[in-house]
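K.L.:
Below you'll find the structure I mean.
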Amino acid sequence: MVAPMQSGVAEAIDAVINTFGPFVVPVALFAAGVVGYLFLLTIGRAGVEDDASGENAERLVDEPGAAASDPTTDEDDSDRSEDA
């Protein structure tokens, strides 16, 4: 059963190449690349939205260096103002 399917696919490829010529191969590869790029772009943007609004948002803020500490709320500064 595999042989008829392979011959059918080979006949379809031969028909396309006979109709459009050998230049259809780079065009088909380019089109497949564009579709793949758009697929990866869509998945990447969906992942960014989940990280920003989902349960990973707290983890992103808690990472070291993610947010600078506010020097006005430091406990050392409050001790200095009492001594003066």
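K.L.:
Within region 1-16, can one find any residue that is assigned to a loop (DSSP other than H, G, I, E, B) and either of a type in the set (Val, Ile, Thr) or modelled with pLDDT under 60 (or both)?
P.N.:
Yes - at least one qualifying residue is present in region 1-16.
K.L.:
Name the pairs whose Cβ atoms lie under 6 Å apart, with the first residue in region 10-33 and aromatic (Phe, Trp, Tyr), the second surrounded by 10 or more Cβ atoms within 10 Å (Cβ to Cβ), and 6 or more positions between them or separate chains?
P.N.:
Listed by first residue and then by second, the contacts come to nothing, as the list is empty.
The values are calculated or read from the model by the stated rules, or taken from the named source; none is laboratory data. From a predicted model like this one, the values you see are computed outputs, not experimental measurements. Positions of Cβ are generated from backbone atoms using ideal geometry, with glycine treated the same way; all protein chains shown enter the neighbour counts.
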